[in-house]
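The values are calculated or read from the model by the stated rules, or taken from the named source; none is laboratory data. Note that the structure is a prediction, hence the values are computed from the model and not measured. Virtual Cβ from ideal backbone geometry, glycine too; neighbours counted across all protein chains shown.
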Amino acid sequence: MDASNVVELKAVTKRYDELVAVNNIDLTIPTGEIFALLGPNGSGKSTTLKMLLGLVQPTAGSVHVLGLDVQKEPVAVKQQVGYVPESPSVYEFLTGIEYLDFIADIYGVPPAEKQQRINEYLKALQLEGREGDMINSYSDGMKKKLSLISAFLNKPKLLILDEPLNALDPRSARIVKDLLHQLKLQGVTTILSTHVLEIAEAVCDRIGIMYQGNILALGSMNELREKASLPSSGLEDIFLKLTGTGDLKPVVEELLR
Amino acid sequence: MNWKNVLALIRVERKSGRLIRGVKKTRYKENRFLAYWPYWVAAIIGVLGGLGANAIASEVYSSPSEISLPPLETSALGFFIIMPTLVLIFSIVFSMLQQIQMSGVKVTSRVNYWLPITWQEQTLASILANLMGLPVALTIGFAAGLLVFAGLNGLIFAALVTTVFMLAAAFMGSSTTEILRIIQVRFTGAVYKSSGRAAVWVRFIGSITFFIVFYVVYLSITQGFTNFIQGLTTFQSSFWFIPFVWPGLTLFYVFYGMLLEGALFIALTAAFIAALYLSAVKLNERFGLYEPPAIRIQAGGTYTPKTGILGKLGFTSAEAAIIRKDIRSFTRRRELIGLFIVPVVFVIIPLMQSIGITNQGAPQEVSLMFLAMVFLLSSSIMAMSLGNMLIGEEGEAVWRIYASPISPKNLVKSKFAFLLFFAIITLLITGTIGTLFYNPPVNIIAVGFLQGLFLIFPVGSIALSIGFKGADFSVTPRPRMIRPSWSYLSLGACALAALGILSPFIPSLLGMMLSSNLTFESLAAIDFTIPVIISAVISAVITVVFYRINLNSAEELIRKAEI
């Protein structure tokens, strides 16, 4: 594996019986890049992200993260990665602060750092004042903030974020976006999956478009425009064209009938 | 009142109840005959009971030696009179049991307040749906028995009237449960609001106290049924001013021809039922949509990490974190708090039995058996139940374990330590109660505590390994934690292991039993050193073997996360 790459997927396939969720994909992501995976529902984005963390085992191919084989050294990989799933179920019987304390202890964050980081993040994401409440009283947005903080707590080298800005208020979403930029400058790599194309366009260095388990296109915004032959278009038009779902007018007309 | 709304709401409640009991969630098609099987079965048992009662009564009353008995009609009516109160008690007990069953359910049928349904309809549907299941089945069974018996003995009018009042009593019972349910939600909310961190402990201790009281009442009824029935007759006439016995009193006055008093109590009963229903409606209007406020456990302000003792005991920070999280889980989650009642029940049963037997002069063999139950059963069952549940209780948040740098060793060590901690505490408490209550010789106390320990370790290890294999992380409609077939397997495996560990004691105890010399005095003279040592070795071997199996299972669980 190339030392400058944080992620290397080689000929990776994931099947669930007859369903091919991910079909023979190759992907490398260099250090410090913010990479977005886009695609319609069921295109294989979340499965790919989970394979990076060993949460789903590939049927074929190899997955290396931070120079480690995920299947052989899962604990070592997880130690250096921050992960936010699409719908994070958290321990609702804990308070926010207890949850973050639990996460910090799991990652072995020293007490002094733990205290500093937790307090900083609680303040930045405006959870201050609610950290002593049980999580079952939190809104979806607050739970998302908690999951994001828990992903940042261990100062990871790689962030894997599945729909990270869902349910966040505009201020918190902005903070997270700025944070990702700052972390990039510190050499932290981020892989995110999103349906919000504006976010991918604004935040990411490269974008991969997945459809039916395949990576249809991969590159920067300019490279994607070229590939789609849409030189001045936005990501939405490129996405719809590449995934073959572009002509939506008849669908809307049918609904209005 | 829109009766269509009421019927629709009852149907929803009934179906959600079936889901909670584990009927498959997809493609559910109701077979009406099978769906209502408890009622058919109750009716059949009732008919058979009525025929049996008639046969016994015929036999007794045809015997010339029994001429001192009161007339059959008087005896039968005396029994009919207490039936409404009996149904009322069963209705309250079983409808509360259903509420307890619902309490841990994630998907509850919340009030759809945005739909055009009134609180009167909502409350009536809730009361009637509460009645469905065991309360109605019992009423049907009793009614069938009474009607058959009465039909054969010319008392059909009395049986019909009794049936009507049994239904009224069942409705009373269910209304009472509805009122208590709403008050409990509001009261709990008030406690949370005012008590801060203490609220969690109030809930924990309050839930356990409720369970203890509930089971003491339940066991008193079921274990001394004859005494209970006799006591009920006296209770009804002595406490006539309590509205709950008015249906029974009405029957008394009607059957004995005091029609004026009968009419008065019919009116009073109807008024009381109406008052209960209206109170439930009013409470629902006031608190039906009440959301208990968020439980604030810690005050706000700057967070400061605390150092616990777990680190000093040799646990890594990850292991200590998992143990702390599980302690919070088992003391805060209502569906898990119930687990702590298991050892209490297994102490209450032998103690209550002992009290009854001791009054009649108990043989020491029986006391010894109860002593063994108190010493060994509670802590072992605690270890088994915790082992079964500790993996599955992670629920949908199990992704956190998969996604975190937690090794199989971390996971097994923390979970095993947790179950040992609670099982040993249980042993210490129940063993002390057994010692104080039965006052056995010192060597038996020592053997009791040691064998309790020797059971906890292997039983916990076996149950944990089955908990890994049979873990069920689904939380809807209710957190299941372990698949039922695996929990039965766990019970069988733990029972076998326990038998093996206790087997070294069988020869000496069997010898004493055969010579009818199984007393505390004779046990005090026996040296149990060798059986204890053999037992310890068997226990250690089983524990180590299954601990290794646990490590492999944990590795497999984390590797094959597949979330």
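Given the condition assigned to a helix (DSSP H, G or I), among the acidic types (Asp, Glu), free of Cβ contacts under 8 Å to residues at least 12 places away in the same chain and more than 30 Å from A:Leu68 (Cα to Cα), answer yes or no: does some residue in region A:102-121 qualify?
Looking only at region A:102-121, we keep the residues that are assigned to a helix (DSSP H, G or I), and these are A:102-106, A:111-121.
Narrowing the set further to residues that are among the acidic types (Asp, Glu) leaves A:105, A:113, A:120.
Next cut, free of Cβ contacts under 8 Å to residues at least 12 places away in the same chain only: A:105, A:113, A:120.
Applying the additional criterion that residues be more than 30 Å from A:Leu68 (Cα to Cα) yields A:120.
Yes; the residues of region A:102-121 include at least one that is assigned to a helix (DSSP H, G or I), among the acidic types (Asp, Glu), free of Cβ contacts under 8 Å to residues at least 12 places away in the same chain and more than 30 Å from A:Leu68 (Cα to Cα).
Can you tell me which residues in region A:48-62 are within 14 Å of chain B (Cβ to nearest Cβ), without any contact (Cβ under 8 Å) to a residue 60 or more places away in the chain and outside any loop (DSSP other than H, G, I, E, B)?
Those that are within 14 Å of chain B (Cβ to nearest Cβ), without any contact (Cβ under 8 Å) to a residue 60 or more places away in the chain and outside any loop (DSSP other than H, G, I, E, B): A:Lys50, A:Met51.
Of all residues in region A:64-107, which are facing another protein chain (nearest Cβ under 7 Å) and among the β-branched types (Val, Ile, Thr)?
If the condition is that a residue be facing another protein chain (nearest Cβ under 7 Å) and among the β-branched types (Val, Ile, Thr), then A:Val75, A:Val90, A:Thr95, A:Ile97, A:Ile106 are the ones that fit.
Just checking, does region A:194-207 include any residue being crowded, with 18+ Cβ neighbours inside 10 Å, within 14 Å of chain B (Cβ to nearest Cβ) and in contact with a helix residue (DSSP H, G or I) (Cβ under 6 Å, 6 or more places away or on another chain)?
No, region A:194-207 contains no residue that is crowded, with 18+ Cβ neighbours inside 10 Å, within 14 Å of chain B (Cβ to nearest Cβ) and in contact with a helix residue (DSSP H, G or I) (Cβ under 6 Å, 6 or more places away or on another chain).
Tally time: how many residues in region A:208-237 are over 21 Å from the mean Cα position of the chain (by Cα) and either of a type outside the set (A, V, I, L, M, F, W, C) or surrounded by 18 or more Cβ atoms within 10 Å (Cβ to Cβ) (or both)? Please lay out each step first, then the result.
Of all residues in region A:208-237, those over 21 Å from the mean Cα position of the chain (by Cα) come to A:222-223, A:225-234, A:237.
After this cut, where a residue has to be either of a type outside the set (A, V, I, L, M, F, W, C) or surrounded by 18 or more Cβ atoms within 10 Å (Cβ to Cβ) (or both) as well, the list is A:222-223, A:225-229, A:231-234, A:237.
Number of matching residues: 12.
Could we say that B:Ser508 is among the small types (Gly, Ala, Ser), without any contact (Cβ under 8 Å) to a residue 60 or more places away in the chain, surrounded by fewer than 20 Cβ atoms within 10 Å (Cβ to Cβ) and under 27 Å from B:Leu336 (Cα atoms) here? Explain how you work it out, then say what you get.
Working: among the small types (Gly, Ala, Ser): yes; without any contact (Cβ under 8 Å) to a residue 60 or more places away in the chain: yes; surrounded by fewer than 20 Cβ atoms within 10 Å (Cβ to Cβ): yes; under 27 Å from B:Leu336 (Cα atoms): no.
So B:Ser508 does not fit the description; no.
Quick check on region A:153-175. Is at least one of its residues on the phi > 0 side of the Ramachandran plot and of a type in the set (Asp, Glu)?
Kept after step one, since they are on the phi > 0 side of the Ramachandran plot, are these residues of region A:153-175: A:155, A:163, A:167.
Cutting the leftovers down to of a type in the set (Asp, Glu) gives us A:163.
Yes, there is a match, as at least one residue in region A:153-175 is on the phi > 0 side of the Ramachandran plot and of a type in the set (Asp, Glu).
Tell me, which residue of region A:135-167 that is modelled with pLDDT under 90 and among the hydrophobic types (A, V, I, L, M, F, W, C) is nearest to the chain's Cα centre (by Cα)?
A:Leu165
Residue pairs, Cβ under 9 Å, 6 or more apart or interchain, first in region B:484-496 and within 18 Å of B:Ile538 (Cα to Cα), second exposed (fewer than 13 other Cβ atoms within 10 Å of the Cβ) and basic (Lys, Arg). List them.
As it stands, the answer is none, since no pair meets every condition given.
Give the residue that is modelled with the highest pLDDT, with candidates limited to residues of region B:110-139 that are in contact with a Gly (Cβ under 9 Å, 6 or more places away or on another chain) and in a loop (DSSP other than H, G, I, E, B).
Selected residue: B:Met132.
For region A:159-231, give me every one of the helices (runs of 4 or more DSSP H) that falls completely inside it and has 1 or more residues that are in contact (Cβ under 8 Å) with a residue 60 or more places away in the chain. Full working, then the answer.
On the way: elements: A:170-185, A:197-203, A:221-228.
Because the criterion is at least 1 residues that are in contact (Cβ under 8 Å) with a residue 60 or more places away in the chain, the helices (runs of 4 or more DSSP H) in region A:159-231 that meet it are A:170-185, A:197-203.
For A:Tyr121, all conditions in the list (1) among the hydroxyl-bearing types (Ser, Thr, Tyr); (2) closer than 16 Å to B:Ile406 by Cα; (3) more than 9 Å from chain B (Cβ to nearest Cβ) hold save one; what is the number of the exception?
Unmet condition: (2).
Does any residue of region A:125-141 turn out to be within 7 Å of chain B (Cβ to nearest Cβ), within 18 Å of A:Leu179 (Cα to Cα) and buried (at least 20 other Cβ atoms within 10 Å of the Cβ)?
So far as region A:125-141 goes, no, none of its residues is within 7 Å of chain B (Cβ to nearest Cβ), within 18 Å of A:Leu179 (Cα to Cα) and buried (at least 20 other Cβ atoms within 10 Å of the Cβ).
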